[in-house]
Amino acid sequence: MKKFTEKVIDIVTNIPKGKTMTYAEVANKAGSAQAARAVGSIMAKNQDRNVPCHRVIRSDGSLGPYNGLRGPSKEALLREEGAIG
DNA sequence: CAGATGACGATCA
DNA sequence: CTGATCGCCATCT
């Protein structure tokens, strides 16, 4: 039995290249449909290099903030992957 | 255990 | 549409 945090990390790691997932979607798959806030909190405190946290965006379409762990910014990375175009 | 925090989301003005 | 506010959840101190 994985914990919410582990689930979120596992899900985000499973996001295919060139695609994006909203915090609400991740939270929903993690087991809590209303834990979008918690998901962000988890990501912020758990910045693993093996987790493409830049593929996680807000539900309204905004990329949201980024600490620059995997690159300069989400937009740049998503642009390279083709998630934006 | 209780209080405070935050990479969100929806609603109101 | 834009800006501000409340409600939500899990984690950290």
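A simple spin-label model places the labels of A:Arg37 and A:Leu69 2.2 nm from each other, with each point 7 Å out along Cα-to-Cβ. The fraction of accessible area contributed by carbon and sulfur in chain A is 46 percent, rounded to a whole number (1.4 Å probe; ligands and nucleic acids excluded). Relative protection proxy for A:58-70, A:35-47, from highest mean packing down: A:35-47, A:58-70 (other beta-carbon atoms within 10 angstrom).
Backbone geometry of the stretch A:47-55 corresponds, through the Karplus equation with coefficients 6.51, -1.76 and 1.60 at θ = phi - 60°, to 3J(HN,Hα) couplings of 8, 8, 5, 8, 10, x, 4, 6, 7 Hz, x marking Gly and Pro.
Please work out the average accessible area per residue across the stretch A:9-64, using the 1.4 Å probe convention, and give it in Å². Walk me through the intermediate numbers first.
On the way: 3180 Å² over 56 residues.
Here the per-residue accessible area is 57 Å².
Relative to the longest principal Cα axis of chain A, at what angle does helix A:4-13 sit, 0 to 90 degrees, rounded to 10? The angle comes out at about 30 degrees.
About its Cα centre, what dipole magnitude does chain A give when the only charges are +1 on Lys and Arg Cβ and -1 on Asp and Glu Cβ, stated in debye to the nearest 20? Present the calculation step by step, with values, prior to reporting the outcome.
Working: 14 positive and 8 negative charges, 33 e Å.
Dipole size: approximately 160 debye.
Judged by the mean number of other Cβ atoms found within 10 Å, the most tightly packed of the peptides A:7-20, A:71-84 leads the ranking A:7-20, A:71-84. Cut-off 14 Å, label point 7 angstrom out along Cα-to-Cβ of A:Thr5: give me the residues of the stretch A:28-59 whose amide nitrogen falls inside. Backbone N within reach: A:38-48. Across the stretch A:27-34, computed HN-Hα scalar couplings (Karplus, 6.51 cos²θ - 1.76 cosθ + 1.60, θ = phi - 60°) run 4, 4, 5, 6, x, 10, 6, 10 Hz from first to last residue, x flagging Gly and Pro. Using a ≥ b ≥ c from the Cα gyration tensor of the stretch A:18-58 (square roots of the eigenvalues), is it rounded, prolate or oblate, where a/c under 1.5 gives rounded and otherwise the larger of a/b and b/c decides, a/b for prolate? Judged from the Cα gyration tensor, the stretch A:18-58 comes out oblate (a/c at least 1.5, b/c at or above a/b). Taking amide H atoms as placed 1.01 Å from N in the peptide plane, the amide H of A:Met21 lies under 5 Å from those of A:Val56, A:Ile57, each 5 or more residues away in sequence or on another chain.
The values are calculated or read from the model by the stated rules, or taken from the named source; none is laboratory data. All of these numbers come straight from a predicted model, not from anything done at the bench. Because the Cβ atoms are built from the backbone with ideal geometry, glycine has one as well, and the counts that use them run over all protein chains shown. Each accessible area value is taken on the protein alone, full model and side chains, heavy atoms only, with ligands, DNA and RNA left out. Shrake-Rupley method; radii C 1.70, N 1.55, O 1.52, S 1.80 Å.
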